[in-house]
């Protein structure tokens, strides 16, 4: 889950967090395939608006049931930050015919697994079950869509759970405040895009201040069949599964359409820099981001490959320059975080002992400028494409990853059929396409930088909100 941060030592925490974020973004961009990795599917809608996607895979006797509600951080308004995350937990508190936490125990009792996650654009819930128990997963998903127990006791219980999760897994982790600032508020400050200016994890204050009326209103607006996509992938009989879906979900009434969300996008709003003083960090770190178009943009394809060759893995330009050649960083990486609305080309660098944040940023900016003066070569593009396509096809081998890919295309793209058309678009990317997106998006007026400075170093770096960045290069 994007908002979930595992405990790590101070030195490794940023690497773990940022790699998870970057990997999640790269996977989330999805990828289609014309041959390798192609996913057969059929799709239809129930009368109540629920979109259904079915994909048979008889290679193993298991089935994934995956439901995406089209609600995430982007649908939250001021004072309601974290409501989608709260409902990620509330949805396991029982419904008319399923007791509290029974959703977990029933699935585990048949040898299955179950979980959920929240991002900027959606909340998902999934079960992986033996093929002969797909009816159980479908029935329980329908029961909580129809009759979730949204009451005072369950709300208060999950307010405490979510607040404690935020304190322990996010707020108490080194580098997390700077990371979230760079990923959300600082980057989206100049856009009329409030839903992307805060993380899906939400606000402890907003979650704790929520009333039952607030929570019920949010639930009735977004957790409805016509605001959801149900995907079933695996070993099943289509006729039988269609019957289950009609029986369990067909009678759930359609609701009013939820409010639409918009983003006014600017790719040259001005350079922004902020500094976070971090009592939990032991070496400085630099986070940086550039705003990029939505996942559905044609520029998505060259940007995805650019992210691979520039910042993915130890052979990338960024890692080789900052870690191997200069010895200035312990880790350096970059990646693409695609969204329904404007996304990010995001990067981070974790300083080596004795290296200052200004010096580290100078080296990052040198490498960004080098992309313009020494553009990617055909060989680099070919290697990036091979790496991307390998990960891309591998990500379609399991029933859940297939379900998530289908869900992604249903929400992020104008036509689900793109799920099996995209590979040729990545293969068609040229060096000139890379040069074009580099010139278009990797400019100083589109850059946001956040320094994370350990408190025991006495702060440092520019003050929050400075409008001018440091000079390139710098002493190490």
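Taken together, the values in this text are just the output of simple stated rules run on the coordinates, not laboratory data. Being a predicted model, the structure only gives us computed values, none of them experimental. Positions of Cβ are generated from backbone atoms using ideal geometry, with glycine treated the same way; all protein chains shown enter the neighbour counts.
Worth a mention:
- With the simple spin-label model, which puts each label point 7 Å out from Cα in the Cβ direction, the residue 164 to residue 401 separation comes to 3.4 nm.
- In terms of surrounding Cβ atoms within a 10 Å radius of their Cβ, 213, 120 rank from fewest to most as 213, 120.
- Remark: 161, 63 ranked as 161, 63, counting other beta-carbon atoms within 10 Å and listing the fewest first.
- Exposure proxy ranking for 436, 317, based on other Cβ atoms within 10 angstrom of each Cβ and starting from the fewest, stands as 436, 317.
- Helix axis angle, 134-147 relative to the chain longest principal axis, alpha carbon, degrees: 90
- Helix-only [θ]222 nm of the chain, DSSP H runs n ≥ 4, -39500 (n - 2.57) each, per residue, nearest 500: -11500 deg cm²/dmol
- Theoretical FRET efficiency, 1/(1+(r/R0)^6), r = Cβ-Cβ of residue 47 and residue 220, R0 22 Å, to 0.05: 0.65
- Where both bridge residues fall in region 39-249, DSSP classifies roughly 80% of the beta bridges as antiparallel.
- Rounded to 10°, Cα long-axis angle of helix 378-394 versus longest principal axis of the chain: 30
- Taking label points 7 Å from Cα along the Cα-to-Cβ direction, residue 430 and residue 100 give a separation of 6.3 nm.
- Of the beta bridges in the chain, as assigned by DSSP with both residues counted there, near 80 percent are antiparallel.
- Acute angle (nearest 10 degrees) that the helix 300-311 long axis makes with the longest principal axis of the chain, alpha-carbon atoms: 50
- Residues listed by number, region 385-415, amide nitrogen under 17 Å from residue 113 label point at 7 Å toward C-beta: 395-405
- Distance from region 305-329 to region 46-102 (C-alpha centre basis), Å: 38
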